[in-house]
1. Only one of these conditions is not met by A:A166: (1) closer than 19 Å to A:L121 by Cα; (2) surrounded by 15 or more Cβ atoms within 10 Å (Cβ to Cβ). Which number is it?
2. Considering only residues of segment B:240-258 that are outside any helix (DSSP H, G or I) and at negative phi, which is farthest from the other protein chains (Cβ to nearest Cβ)?
3. Determine, yes or no, whether B:G139 is in contact (Cβ under 8 Å) with a residue 60 or more places away in the chain, within 10 Å of another protein chain (Cβ to nearest Cβ), crowded, with 18+ Cβ neighbours inside 10 Å and not in a strand (DSSP E or B).
4. Between A:V34, A:V55, A:V7, A:V44, which is buried (at least 24 other Cβ atoms within 10 Å of the Cβ) and farther than 28 Å from B:Q328 by Cβ?
5. The conditions are (1) closer than 17 Å to A:S195 by Cβ; (2) more than 9 Å from chain B (Cβ to nearest Cβ); (3) buried (at least 24 other Cβ atoms within 10 Å of the Cβ), and A:I49 fails exactly one of them. Which is it?
6. So, restricting to helices (runs of 4 or more DSSP H) that lie completely within segment A:185-296, which ones have at least 3 residues that are away from every other protein chain (no Cβ under 14 Å)?
7. Looking at A:L11 and the list (1) in contact with a Leu (Cβ under 8 Å, 6 or more places away or on another chain); (2) away from every other protein chain (no Cβ under 14 Å), which single condition is not satisfied?
8. Is it true that some residue in segment A:64-86 is surrounded by 18 or more Cβ atoms within 10 Å (Cβ to Cβ), at the interface with chain B (Cβ under 8 Å from one of its Cβ atoms), modelled with pLDDT under 90 and not in a helix (DSSP H, G or I)?
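The values are calculated or read from the model by the stated rules, or taken from the named source; none is laboratory data. All values derive from a computational prediction rather than experimental measurement. Cβ sites come from the backbone with ideal geometry, for glycine too, and all protein chains shown count toward neighbours.
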Amino acid sequence: MINLEFVINTLSLGSLYALLAVGLVLVYGILKLVNFAYGEYLMVAGYAIYLSAIVGAPWWATLIIAVAASMLVSFLTEIAAFRPVRTKSMDALLVTSFAVSIFLQNVVLLAVSPRARAVPLPDFFSKTVVIGGAVLPLRNLLIIATTAVVLALLSFLMKKTVLGMAMRAAADKFTTTRLMGVPANFVISAAFLISGFLAGVAGIFWVGRSGSVDPLTGAAPLLIAFIATVMGGMNSPIGAVVGGFVYGLLFNILSITLPASMISYRDAFMFAIVVLFLLFRPEGIIRRGYTEERVG
Amino acid sequence: MSIIQRSLEWARKHSTAVQLIVPLILVGVLVQMFGSSLLVNVYTFFCVSLMMVLGVQVFMGNSGILSFLHVGFVGVGAYASGILSTPPAVKAMGVPNMFQTLVDLQIPVLPAILLGGIVAAIIAAVISYPMMRLSDAVGVITLFATLIVFHVIMTQWDNVTNGPRTFFGVPEYTTLTVALVGALLMIVLAYWFRESSMGLRVRASRDDRHAAAATGINVVRARYAAFVLSALMAGLAGGVWAHFITSFSPKAFYMSEMFVLLSMVVIGGAGSISGAVIGTTVVTIAREVLRQVEASINNAHVLSFEVFGLTELVMAILMVAVLIWRPQGIIGGQELKLSRFKFKKKEEVSNV
């Protein structure tokens, strides 16, 4: 059961989920906002690929456009919706992000089509390679490599640059950080841009798996990012990465071990695990620094 | 004191409930007497929505915790009441895999609706106690995750719910009168809870949970009481809804419906019963108008394509707009009271 194929598949699934989770956690860290519109940034990336393929852009340009579109939408939603509500209650923020999600879904519903659209991706996405007797889709290896590069870049950004330090400080104590002269709008916009970037990269691989995109594409990745961050720890990107990999592992293990009649309940099990995590270890696997109080 | 004086005194004391109930009855009677069948339908649906919204409001408004889960309890109530009251022959045909005991079961509609509410309340009572410890974002996420568990079970348990397929053949029962009586009952329940000592405790914990705990309030238990009551109300609303719609699938109890419910609660102002009533009114009217616009655009064939999702799109924008300008909702968490009209309006409670 535990062979090379299982390991690579788990790693690639975990990488994808880690990317998703980090994007969600960056915004959560600073605004304490669970961004329900996050899945829609992936959907936007998918539609950007679909549209640029119609125009006939080369594949590298397509990928850049997809990531850029995702970043742009993330940035715009921050400016238009989240910024004015930010100072209001937290419920207002949450409901706003929900409204933004519904808004984006219905924009593509109205502008493109309610039906799924095929997303053409470069050939090397669908090729397979043979390693040690295991037949693996090249895509899975690409995800692992891409995630490694992106996470390395991100950790450099967070650790070594002024912006990264400001963001980490803001995630701990936003008010104090502002008092130190860090402009709030700038840090938050940066967080949304990076979140959009990660969503765009993850989105390429996400739509690459199914080969199509529809207005509800964003729901599943949002939920995954959600579970992964809760399991890993909502207070740090490291926790999110760990959560992503743990989720990938759990998902694959449940897929193998659950009896066939129960397999359709897999999601219920996953979310039951989330609830248990929240009840018994709300700070996640990675316990780090300051955590919010939670007991009423 | 004469009876008239006494009842006037009573009405003044409970002016909030009276002011909400009287117009609802008046409009109901007018619609029933003079309204077109479309208007009767819209008003019935409004009353059913109001039942659901009040169910949500009893928990969310009093405890201050945003709940995504209640639409799940609406679903539980709808399925329970539908399964209990649908004739066995219809169930045997419509739900091929259903447990035989469930197929044979049939009771009259009204007890079925009540049982549906009770089932929802029992489920809430069993699962929710530990969740009531959670506040803020963590609490919201837990309730959201639980909604997904509900949804997965509803779509997968085809021995009971017919899986993702439509459950049909539920006997029609909900008329305007039934829905109106249901809605009034909910207002009375919500009002009674709000004014009860338990309701006061929950509201104290909403405003400052540490101060509330310091004065000896068991915050978790107070929230728990609100949650179970609101699940009961949502379940009852689900039963009434099921006997209005008569066929439904698990999709009806998920994100998009929840968004409609939440928009009603938030636009009116989650903090008060009056807010729930006003929010439901505004959203129902807005949705109805938008739907007409969408339909007439599609029927006029001026565009080369069908217009989908315009209603949701505009509702989303409306909702963000309300949150930006009035984050506490249209009436700002206050109840309508007679004294409000005499004195200068109180300063709004601003949220930091």
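1. (1)
2. B:S247
3. Working: in contact (Cβ under 8 Å) with a residue 60 or more places away in the chain: yes; within 10 Å of another protein chain (Cβ to nearest Cβ): yes; crowded, with 18+ Cβ neighbours inside 10 Å: yes; not in a strand (DSSP E or B): yes.
Against the criterion (in contact (Cβ under 8 Å) with a residue 60 or more places away in the chain, within 10 Å of another protein chain (Cβ to nearest Cβ), crowded, with 18+ Cβ neighbours inside 10 Å and not in a strand (DSSP E or B)), B:G139 qualifies.
4. One residue alone meets the criteria, A:V44.
5. Checking A:I49 against (1) closer than 17 Å to A:S195 by Cβ; (2) more than 9 Å from chain B (Cβ to nearest Cβ); (3) buried (at least 24 other Cβ atoms within 10 Å of the Cβ), the one that fails is (1).
6. A:237-257
7. Tallying (1) in contact with a Leu (Cβ under 8 Å, 6 or more places away or on another chain); (2) away from every other protein chain (no Cβ under 14 Å), A:L11 fails exactly one: (1).
8. Scanning segment A:64-86 turns up no residue that is surrounded by 18 or more Cβ atoms within 10 Å (Cβ to Cβ), at the interface with chain B (Cβ under 8 Å from one of its Cβ atoms), modelled with pLDDT under 90 and not in a helix (DSSP H, G or I).
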